[in-house]
Amino acid sequence: MAYFKNLVFVVLTLVALNCQATDKLFHLVAGVYPPYTIEEDGIKGLNIEIIKAAFSAVGYRVKIELLPFARAMHYAKNGKADGLIIWHNKEREQWFHFSSVISESDLVFYKFKRLKFDFNSLQSLMPYSIGTVANYAYLPSFLAADYLKKDVVGTDRQNINKLILGRIDIALIDKRMANYMIKNEHPLLDGKFDWSAVLQNEKYYLAVSKKSSNYQRKITDFNFGLQK
């Protein structure tokens, strides 16, 4: 009987430890979004390193899965992953609990230098075709401006390629990302582009799915690790 009790105790202890270990694993989904998320000799990038360091400080391991942005959003919204890196807007609060800010950058109108354009209002964009990305949280005023010629694609890289080929006039894109892509993927064109105005300053957050187990604890732990 004593042997049986000891065996039960050992089994229950192992189960508890396993559950505890599983609870300390965070499944992050992300799109390739250089320089914030890069697939190069593994998965790395500015936001990835910040998230890994913050979670490591509070004893978590991070499993990272790269997916197209729309699929990453779907996975996180439905609890197939614990969270993803996104901008904040009010609508997304129904699915996610947002961390403290992890990084930020400017969303700009990126173009060839030869295009002389001064932004002073959304109406000033009317003569131009503007590359945008599906499911991004642009300013409500920009999204509502249905008089603009918006060319919607799946990734920012597609917009940079279309800009180079002359299929769009302007790409609405994170300034840091655009500069990174031109310098690293199209070095012969480095110095040929500039940006005309900042549409919005965007902050990046870790958004934890409300369908993830103990999501409030995960976001609290992450924010605590972020401060270290």
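The values are calculated or read from the model by the stated rules, or taken from the named source; none is laboratory data. Fair warning: this is a prediction, and the values are worked out from it, not measured in the lab. Glycine gets a Cβ as well: all are built from the backbone with ideal geometry, and neighbour counts include every protein chain shown.
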Look through region 122-145, keep the residues that are among the hydroxyl-bearing types (S, T, Y) and part of a strand (DSSP E or B), and return whichever of them is farthest from I173 (Cα to Cα). S129
Does region 168-207 hold any residues that are surrounded by fewer than 19 Cβ atoms within 10 Å (Cβ to Cβ), touching an Asp or Glu at 6+ places or on another chain (Cβ under 7 Å) and not in a strand (DSSP E or B), and which are they? K175, K183
The conditions are (1) touching a strand residue (DSSP E or B) at 6+ places or on another chain (Cβ under 8 Å); (2) under 17 Å from S129 (Cβ atoms); (3) among the charged types (D, E, K, R), and D194 fails exactly one of them. Which is it? (2)
If you check A76 against the conditions, is it in a loop (DSSP other than H, G, I, E, B), under 13 Å from A30 (Cβ atoms), modelled with pLDDT of 95 or more and small (G, A, S)? no
Applying the selection to region 76-101, what residues are surrounded by fewer than 23 Cβ atoms within 10 Å (Cβ to Cβ), in contact with a Ser or Thr (Cβ under 9 Å, 6 or more places away or on another chain) and under 24 Å from K228 (Cβ atoms)? H97
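Among the residues of region 8-23, is there at least one that is at pLDDT 95 or above and under 20 Å from G79 (Cα atoms)? First the steps, then the outcome.
Step one: filter region 8-23 for residues at pLDDT 95 or above, giving none.
No; the residues of region 8-23 include none that is at pLDDT 95 or above and under 20 Å from G79 (Cα atoms).
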Out of all the residues in region 146-167, is one or more within 29 Å of H97 (Cβ to Cβ) and either in a strand (DSSP E or B) or more than 18 Å from the chain's Cα centre (by Cα) (or both)? yes
